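Data block below; observations after.
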Amino acid sequence: MNPLNKSTVMLFQGRHFNAEIITLCVRWYVTYKLSYRDLVSIMAERNVDVAHTTILRWVQRYVPEFAKRWQRFARSVGTSWRVDETYIKLKGKWVYLYRGVDKEGQTIDFFLSEHRDIVAAKRFLQEAIEKRGVPQKITLDGYAASHGAVAELQEEGILPAKLLVRTNRHLNNLIEQDHRRVKQRVRPMLGFKCFAHAVITISGIELVHQIKKGQFDLSGLCPPQFCMPQIWEAVLAA
């Protein structure tokens, strides 16, 4: 295992379990179709006695930190965006997951909202622009709120007035297919109970999805023959 740097050592300091077990549980939970209790059983087979509530706390504590470390190696995305929203169940009600990909299918950003309106669409776009820069083209669905959000951002000078805005179901098939891969992991969770927990858990799922799509440049960090556990170790130790 790669030696952890000082900041990473501090991150796990005081925990009853070591960094390798915590990282493994968090990584497996956001990657595979496993419940917390499934992970408890799997870890028991490795002679590790851990409660499902402990793993839940690890996910909430460490996913944001892991995402920050991975983002240091993020590749840039294209300037032709496909933006759409999908549905996630929270306490028996639907909430809205705004997502965007470029024309190559690379994830731009995501944003969970309790509402599907201009305010939510505008906030998603603002955060995406802050992280990824200004797009040259945006393809939207036919929902009026998304178009209204773009228009307001153009009026405010955040998006260029000459921005090409399109409504094209064929072009948006790309992001609809991308939604499915994220929802395949969310579906076995049978709905979230807490909005804040949902945001963090989905960010972990999105992180793994971006890793699978090769959105991080690790060429200077680890050789191509590294397997996924070794890659994670290298990223956290960097």
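Using amide H atoms built 1.01 Å from N in the peptide plane, name the residues 5+ places from residue 109, or on other chains, whose amide H lies under 5 Å from its own.
100
Treating cross-link reach as a plain straight distance, find the aspartates and glutamates whose alpha-carbon is under 16 Å from the alpha-carbon of residue 89, omitting any fewer than eight places away in the same chain.
114
What is the distance, in nm, between label points placed 7 Å from the Cα along the Cα-to-Cβ direction at residue 103 and at residue 164?
It works out to 0.7 nm between the two label points.
Taking Rh as the Kirkwood radius computed over C-alpha pairs, what is the Stokes-Einstein D of the chain at 4 °C in a medium of viscosity 1.567 mPa s, expressed in µm² per second? Walk me through the numbers on the way to the answer.
Working: Rh = 19.1 Å.
For the chosen part, D equals 68 µm²/s.
Pop out the ³J(HN,Hα) list for the range 33-49 in order, Karplus 6.51 cos²θ - 1.76 cosθ + 1.60 with θ = phi - 60°, rounded to Hz; leave Gly and Pro as x.
7, 10, 8, 4, 5, 4, 5, 4, 5, 5, 5, 4, 5, 9, 6, 10, 9
What lysines could a cross-link reach from residue 213, if we take a straight Cα to Cα line under 17 Å and drop same-chain neighbours fewer than 8 places away?
Cross-link targets: 103, 183.
Could you work out the helix-only [θ] at 222 nm for the chain, with each DSSP H run of four or more residues adding -39,500 (n - 2.57) and the total divided by the number of residues, to the nearest 500 deg cm²/dmol? Please report the intermediate quantities before stating the final value.
Values: 9 runs with 119 residues, N = 238.
Dividing the helical sum by the residues of the chain leaves -16000 deg cm²/dmol.
Could you work out the relative contact order of the range 80-194, using alpha carbon pairs under 8 angstrom and six or more residues apart, expressed as a whole percent? Show your work: numbers first, answer last.
Working: 182 pairs, mean separation 35.5, N = 115.
Across the range 80-194, relative contact order equals 31 percent.
Calculate the translational D of the range 71-174 in whole µm² s⁻¹ from Stokes-Einstein, where the hydrodynamic radius comes from the Kirkwood formula applied to all Cα pairs, the temperature is 10 °C and the viscosity 1.306 mPa s.
Details: Rh = 13.9 Å.
Diffusion coefficient, whole number: 114 µm²/s.
Pairs of Cα atoms under 8 Å, at least six residues apart: use those to get the relative contact order of the chain, whole percent. Mind showing how you got there, number by number?
Working: 305 pairs, mean separation 60.1, N = 238.
Relative contact order comes out at 25 percent.
Sorted from fewest to most neighbouring beta carbons within 10 Å, what does the list 222, 227 look like? Walk me through the numbers before you get to the answer.
Details: 222 17, 227 7.
Ordered from fewest to most neighbouring Cβ atoms within 10 Å, 222, 227 come out as 227, 222.
FYI, it's all coordinate maths here, none of it is from the lab. Values in this document were obtained by computation on a predicted structure and should not be read as measured data. Cβ sites come from the backbone with ideal geometry, for glycine too, and all protein chains shown count toward neighbours.
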